[in-house]
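K.L.:
I have a structure I would like to understand better, so I am pasting it below and will then ask my questions one at a time.
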Amino acid sequence: MTITPLVFIYDRNATGSSAYLDMRIEGCRNYAASRKWTVADHWVDRGDDALADTRPQLSALLEILRREAGIRPVICLLHSWGRLAADPVHRIAFQQRVARAGGYCATTFNESDELAHEALAL
């Protein structure tokens, strides 16, 4: 029996407009549904928090993800890698936070760091 992953949708939005954000979140929900994954909820860092190294909503997501990681597979689902950070160095740092919490990241473009999970967690 395969255990259904629990998905934590994350995004960031530095602008005041939410039209594109809403489309990305809906795209993540549709992607998860197409794979029959269970969605826990979505978390969005906004404004200055979306650009900072300390992301309050991502931190909140990771607290819950960490608790669930011992029960079933957990995924931080993003529309694209850029939703973590535009800069690759910062993006990898955020991916490491997810890996250390026991999960892995995936995008709606069929990309995943699942195979690098152990290396990222170090």
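Each reported figure results from applying straightforward, stated rules to the coordinates on display, with no laboratory input. Everything numeric in this text was worked out from a predicted model, so none of it was measured. We place every Cβ from the backbone using ideal geometry, glycine too, and count neighbours over all the protein chains shown.
K.L.:
At 0.36 nm per residue, and after removing the present C-alpha to C-alpha distance, how many nm does the segment from Ala93 to Asp41 gain when stretched out fully?
P.N.:
16.5 nm
K.L.:
Measure off 7 Å from each Cα along the Cα-to-Cβ vector at Ile3 and Phe109, then give the distance between these two points in nanometres to one decimal.
P.N.:
3.1 nm
K.L.:
Ok, one more. Per DSSP H run of n ≥ 4, the term is -39500 (n - 2.57); total these for the chain, divide by its residue number, and report the mean residue ellipticity at 222 nm rounded to 500 deg cm²/dmol.
P.N.:
-12000 deg cm²/dmol
K.L.:
Sort the following peptides by mean Cβ neighbour count (other Cβ atoms within 10 Å, averaged over residues), highest first: 79-92, 55-68.
P.N.:
Peptide ranking by packing, descending: 55-68, 79-92.
K.L.:
For Ser80 and Ala60, calculate 0.36 nm times their separation in residues minus their Cα-Cα distance, and state this gained length in nm to one decimal.
P.N.:
Computed gain between Ser80 and Ala60 is 5.2 nm.
K.L.:
What fraction of the DSSP beta bridges in the stretch 1-59 is antiparallel, stated in percent and rounded to the nearest 5?
P.N.:
Here the share of antiparallel DSSP bridges comes out near 0 percent.
K.L.:
Quote the FRET efficiency, to the nearest 0.05, computed for Arg72 versus Met23 with a Förster distance R0 of 30 Å and r equal to the Cβ-Cβ distance.
P.N.:
0.60
K.L.:
Now, a different point. When Lys and Arg each count +1 and Asp and Glu each count -1, what net charge do the other residues less than 15 Å away from Gly70, Cβ to Cβ, add up to?
P.N.:
+2
K.L.:
Here's another thing I want to ask about it. Using only the Cα atoms, what convex hull volume per residue in Å³ does the chain have?
P.N.:
Spelled out: Cα convex hull of the chain, divided by residues, is 98 Å³.
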